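Asker: Just dropping this structure here.
The values are calculated or read from the model by the stated rules, or taken from the named source; none is laboratory data. Please read all numbers here as calculations on a predicted model, not as lab measurements. In this analysis, Cβ positions are derived from the backbone assuming ideal geometry, glycine residues included, and neighbour counts consider all displayed protein chains.
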C-alpha cells in the first residue's frame, strides 16, 4: 500500500486564546508524520510515498479533512468518498489502496501558556475554587484513512482517542498517539 503525503494544520497561540494558522509549525508537524510513517513502513505495510503536489494540496487538504470529520461524526464508514484530488493522483496503473493521514492541532508559546496558568490560578483564588478554568498547552488530533481507489471509498478509519494534551510538534508525543490509535490493527515496534 502506498501512503499519500501527510496533511497537517497546526495553529500557534501567542496572545489570549486565539489560534492562528502557522506555516512553520504545520511544516514541522507534516515532517514528523512523514518520518513516523517511514519509520513504521513495515508494520503499516507501506511501499512508497505518493507526493501531493502544491497545485493539488489545498484540494486534497479540504477533501481529506471533510471525509475524516464526516466519518468521525457519523461513526461509520461512508459507502463512497468524494476525493477527486486523490483519484487524480492515482489515475493509471498503481496500487489499489492508499493511506491518508491528517493531523490538526495547536500549540502555545511558553509565554502564553505561563500567562494562561497565572490566569487559571487567579480565577481559582477569586472564586474560592468554585471555578477553575483549565489551560491546555497543546492538542493534536490524528486521522488515518485507507482509501480504495477501485471502489472509491474509505475502507479503514481511525482517529486518536481524545486526550487532555498532546503536543503536535513533539515527535515522541505524536508517535505515542499513533501507538494508542493503531495498536490493535497495526502493532508498531519500538525503535
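Asker: With the checklist (1) over 24 Å from residue 167 (Cα atoms); (2) modelled with pLDDT under 90 in hand, flag the one item residue 48 doesn't pass.
Answerer: (2)
Asker: Using the structure shown, decide if residue 11 is surrounded by fewer than 20 Cβ atoms within 10 Å (Cβ to Cβ) and in contact (Cβ under 8 Å) with a residue 40 or more places away in the chain. So that I can check it myself, show each step before the final result.
Answerer: Working: surrounded by fewer than 20 Cβ atoms within 10 Å (Cβ to Cβ): yes; in contact (Cβ under 8 Å) with a residue 40 or more places away in the chain: yes.
Taking the combined requirement at face value, the residue satisfies it.
Asker: Kindly evaluate residue 30 against the criterion of being at pLDDT 95 or above and touching a strand residue (DSSP E or B) at 6+ places or on another chain (Cβ under 6 Å). Before you say what the answer is, go through the steps one by one.
Answerer: Values: at pLDDT 95 or above: yes; touching a strand residue (DSSP E or B) at 6+ places or on another chain (Cβ under 6 Å): yes.
For residue 30, the condition - at pLDDT 95 or above and touching a strand residue (DSSP E or B) at 6+ places or on another chain (Cβ under 6 Å) - is met.
Asker: Something else: With buried (at least 16 other Cβ atoms within 10 Å of the Cβ), over 21 Å from residue 173 (Cβ atoms), touching a residue at least 40 places away in the same chain (Cβ under 8 Å) and more than 15 Å from the chain's Cα centre (by Cα) as the only criterion, which of 44, 89 stands out? Can you show your working first?
Answerer: Details: 44 fails: over 21 Å from residue 173 (Cβ atoms).
None of the other options fit; the residue is 89.
Asker: Hey, another quick one. Would you call residue 164 surrounded by 13 or more Cβ atoms within 10 Å (Cβ to Cβ) and at pLDDT below 90?
Answerer: Numbers: surrounded by 13 or more Cβ atoms within 10 Å (Cβ to Cβ): no; at pLDDT below 90: yes.
No.
Asker: Suppose we keep only residues that are closer than 17 Å to residue 28 by Cα and not in a loop (DSSP other than H, G, I, E, B) within segment 144-175. Which one would you say is nearest to the chain's Cα centre (by Cα)? Let's see the steps before the verdict.
Answerer: At the first step, the residues of segment 144-175 found to be closer than 17 Å to residue 28 by Cα are 166-175.
In the following step, the residues that additionally are not in a loop (DSSP other than H, G, I, E, B) were identified as 171-175.
Details: 171: 13, 172: 14, 173: 12, 174: 9, 175: 11 Å.
Step by step, filter segment 144-175, then rank; the result is 174.
Asker: Residue 77 - would you say it is touching a strand residue (DSSP E or B) at 6+ places or on another chain (Cβ under 8 Å), in a loop (DSSP other than H, G, I, E, B) and in contact (Cβ under 8 Å) with a residue 60 or more places away in the chain? Give the derivation first.
Answerer: Values: touching a strand residue (DSSP E or B) at 6+ places or on another chain (Cβ under 8 Å): yes; in a loop (DSSP other than H, G, I, E, B): yes; in contact (Cβ under 8 Å) with a residue 60 or more places away in the chain: yes.
Yes.
Asker: Separate question: Residue 37 passes all but one of (1) free of Cβ contacts under 8 Å to residues at least 12 places away in the same chain; (2) crowded, with 19+ Cβ neighbours inside 10 Å; which number fails?
Answerer: In the conditions (1) free of Cβ contacts under 8 Å to residues at least 12 places away in the same chain; (2) crowded, with 19+ Cβ neighbours inside 10 Å, residue 37 misses (1) alone.
Asker: Same structure, new question: Looking only at residues that are farther than 13 Å from residue 102 by Cβ and under 16 Å from the mean Cα position of the chain (by Cα) in segment 125-143, which one is modelled with the lowest pLDDT? Even if it seems obvious, please write down each step before you answer.
Answerer: Step one: of segment 125-143, the residues farther than 13 Å from residue 102 by Cβ are 125-139.
Applying the additional criterion that residues be under 16 Å from the mean Cα position of the chain (by Cα) yields 138-139.
Details: 138: 81, 139: 85.
Residue satisfying both the conditions and the ranking: 138.
Asker: Any residue at all in segment 81-101 that is closer than 26 Å to residue 18 by Cα and either part of a strand (DSSP E or B) or at pLDDT 85 or above (or both)?
Answerer: Going through segment 81-101, the residues closer than 26 Å to residue 18 by Cα turn out to be 101.
Now restrict to residues that are either part of a strand (DSSP E or B) or at pLDDT 85 or above (or both): 101.
Scanning segment 81-101 turns up at least one residue that is closer than 26 Å to residue 18 by Cα and either part of a strand (DSSP E or B) or at pLDDT 85 or above (or both).
Asker: Got a number for residues in segment 2-24 being more than 13 Å from the chain's Cα centre (by Cα) and modelled with pLDDT of 90 or more?
Answerer: As a first pass, look at segment 2-24 and keep what is more than 13 Å from the chain's Cα centre (by Cα): 2-4, 12-24.
From what is left, the residues that are modelled with pLDDT of 90 or more are 2-4, 12, 20-24.
Going through segment 2-24 one residue at a time, the tally reaches 9.
Asker: Name every residue in segment 152-162 that is more than 17 Å from residue 40 (Cα to Cα) and touching a residue at least 24 places away in the same chain (Cβ under 8 Å), in order of residue number.
Answerer: Scanning segment 152-162 gives 152, 153, 154, 155, 156, 157, 159.
Asker: Just for segment 14-34: of the residues that are assigned to a helix (DSSP H, G or I) and touching a residue at least 60 places away in the same chain (Cβ under 8 Å), which one is surrounded by the most Cβ atoms within 10 Å (Cβ to Cβ)? Give the steps one after another, and end with the answer.
Answerer: Of all residues in segment 14-34, those assigned to a helix (DSSP H, G or I) come to 23-34.
Still in the running and touching a residue at least 60 places away in the same chain (Cβ under 8 Å): 25, 28-30, 32-33.
Numbers: 25: 20, 28: 17, 29: 28, 30: 18, 32: 22, 33: 24.
Only one residue tops the list, namely 29.
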